[in-house]
Amino acid sequence: MPVTQVAFAPDVFTWPSDEPRLIGGRCGSCAAVTFPLAPACPRCGAPEVERHLLPRRGTLWTWTTQEFLPKEPYAGGETPETFRPYGVGLVQLGDEVRVEGRLTESDPRALDFGMEVEVVAVPFRVDEDGTEVVTYAFRPVRAEGTP
Ligand SMILES: [Zn+2]
C-alpha cells in the first residue's frame, strides 16, 4: 500500500511537489511580501493579501541548533529518546522575505553565512494510520562538482 504523505498544515508550502515552494502573501496595498500567508497584511493591516509563491532558493542569513526536544505545543513525533539535534535557519528568499525553518544539515561546520539553500519537504512524524506528515526544511545547495 502506498504511503500517504500530507503536509503538516495547509497553505504553508506547495504539496505534493518535487520542488515545493513556500506560500507567502503579497499585500495589494503596500506590496509587502510576508510568510506565512495571513488574512491581513502584518505591515499595514490591509486585508488585500494575495497568495504569493516565494522563490524556492535563498541564502542562509543566520542559524542556530535546536539541541533539545521543543516544549509543547510541538507536533513532531520524537520523544526525548529519539530526538536528534537539528539546525534552524533564517533564510532570505530572493529579496522578498526572510523565513525561519528547519535545516536538513545539523552540523554547524557544514553551514556558512550566505550559503545557498532550497526548500525541500522532510518527514515530520507518522500518524497512527500510517500517514506520513511532512514539513518544509531548507537544504544546502551543493555547488556543481563538489560531493
Ligand atoms: Zn500592506
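What do you reckon, is residue 70 open to solvent by 50 Å² or more (accessible area, probe 1.4 Å), out of contact with any strand residue (DSSP E or B) (no Cβ under 7 Å at 6 or more places or on another chain), part of a loop (DSSP other than H, G, I, E, B) and more than 16 Å from the ligand (Cβ to nearest atom)?
Values: open to solvent by 50 Å² or more (accessible area, probe 1.4 Å): no; out of contact with any strand residue (DSSP E or B) (no Cβ under 7 Å at 6 or more places or on another chain): yes; part of a loop (DSSP other than H, G, I, E, B): yes; more than 16 Å from the ligand (Cβ to nearest atom): yes.
No: the conditions fail for residue 70.
Could you tell me whether any residue of segment 121-128 is over 30 Å from residue 29 (Cα atoms), among the small types (Gly, Ala, Ser), in a strand (DSSP E or B) and in contact with a Leu (Cβ under 6 Å, 6 or more places away or on another chain)? Quick ask: steps written out before the conclusion?
Of the residues in segment 121-128, the ones over 30 Å from residue 29 (Cα atoms) are 121-128.
Those left that are additionally among the small types (Gly, Ala, Ser): 121.
With the extra rule that they be in a strand (DSSP E or B), the set shrinks to 121.
Now narrow it down to the ones that are in contact with a Leu (Cβ under 6 Å, 6 or more places away or on another chain): none.
No: zero hits.
Quick one: residue 51 ticks every box in (1) within 16 Å of the ligand (Cβ to nearest atom); (2) over 27 Å from residue 127 (Cα atoms); (3) surrounded by 12 or more Cβ atoms within 10 Å (Cβ to Cβ) bar one, so which box is it?
Condition not satisfied by residue 51: (3).
Restricting to segment 16-31, name every residue that is crowded, with 18+ Cβ neighbours inside 10 Å and under 13 Å from the mean Cα position of the chain (by Cα). Explain how you work it out, then say what you get.
Taking segment 16-31 as the starting set, the residues that turn out to be crowded, with 18+ Cβ neighbours inside 10 Å are 20-27.
Of everything in segment 16-31, those that are crowded, with 18+ Cβ neighbours inside 10 Å and under 13 Å from the mean Cα position of the chain (by Cα) turn out to be 20, 21, 22, 23, 24.
I'm told residue 97 meets every condition in (1) surrounded by fewer than 16 Cβ atoms within 10 Å (Cβ to Cβ); (2) of a type in the set (A, V, I, L, M, F, W, C); (3) within 16 Å of the ligand (Cβ to nearest atom) except one. Can you identify the failing condition by its number?
(1)
The values are calculated or read from the model by the stated rules, or taken from the named source; none is laboratory data. If you're wondering where the values come from, they're calculated on a predicted model, not measured in any experiment. Glycine also receives a Cβ, built like all others from the backbone with ideal geometry; neighbour counts cover every protein chain displayed. Only protein heavy atoms, including side chains, enter the accessible area calculation; ligands, DNA and RNA are left aside. Shrake-Rupley method; radii C 1.70, N 1.55, O 1.52, S 1.80 Å.
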